[in-house]
Amino acid sequence: MTRHVVAAVAEIPPGGRKLVEVGGRSIGVFNVGGAFYALLNRCPHQGGSLCLGERVGLVLSEEPGIYRYTRPGEMLRSPWHGWEFDIRTGQSWCDPRRTRVRTYPVSVEPGEMLVKGPYQAETFPVTVEADYLVLEM
């Protein structure tokens, strides 16, 4: 699996989001209480830009007329038709058995680890011949 650096942690504060383009795909990266999640920016219902939708909570009801608001900011409502998806899992709350948004693993890594990497500069041998520099390619 190819890894891509998409943002500094400070760019996406708790409750924030950032849209990124990775491998030709639009992906939304969300900060939910300090944990990061990534979703494909395409609603499986009709293809709208899901990650531009409103972040909402989950409303539960054990009986008619009694409602409980939970998990504030953990649900994403599609801007086209209002379908709601769990940011943490991609699961649809309108059709949980058959519909979900593709999720991508996100990790937080220290910058020094990314800089070290297995990177190597391309080098070329150089020799001096009669006061001329000769570069071999």
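Values in this text are rule-based calculations from the coordinates and carry no lab data. From a predicted model like this one, the values you see are computed outputs, not experimental measurements. All Cβ positions, glycine included, derive from the backbone under ideal geometry; neighbour counts span all protein chains shown.
What the table below lists for this structure:
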item: Qualifying positions in the stretch 1-37 - of a type in the set (A, V, I, L, M) and either more than 23 Å from Ser92 (Cα to Cα) or assigned to a loop (DSSP other than H, G, I, E, B) (or both); result: Met1, Val5, Val6, Ala7, Ala8, Val9, Ala10, Ile12, Val22
item: Residue in the stretch 32-79 that is nearest to the chain's Cα centre (by Cα), counting only those that are polar (S, T, N, Q) and farther than 16 Å from Leu19 by Cα; result: Gln46
item: Of all residues making up the stretch 83-106, the number that are within 17 Å of the chain's Cα centre (by Cα) and without any contact (Cβ under 8 Å) to a residue 60 or more places away in the chain; result: 8
item: Residue match in the stretch 28-36 (condition: in contact with a Gly (Cβ under 8 Å, 6 or more places away or on another chain), more than 20 Å from Arg98 (Cα to Cα), of a type in the set (S, T, N, Q) and free of Cβ contacts under 8 Å to residues at least 40 places away in the same chain); result: yes
item: Candidate set: the stretch 50-103, residues that are of a type in the set (A, V, I, L, M) and surrounded by fewer than 12 Cβ atoms within 10 Å (Cβ to Cβ); chosen: the one nearest to Ile27 (Cα to Cα); result: Leu60
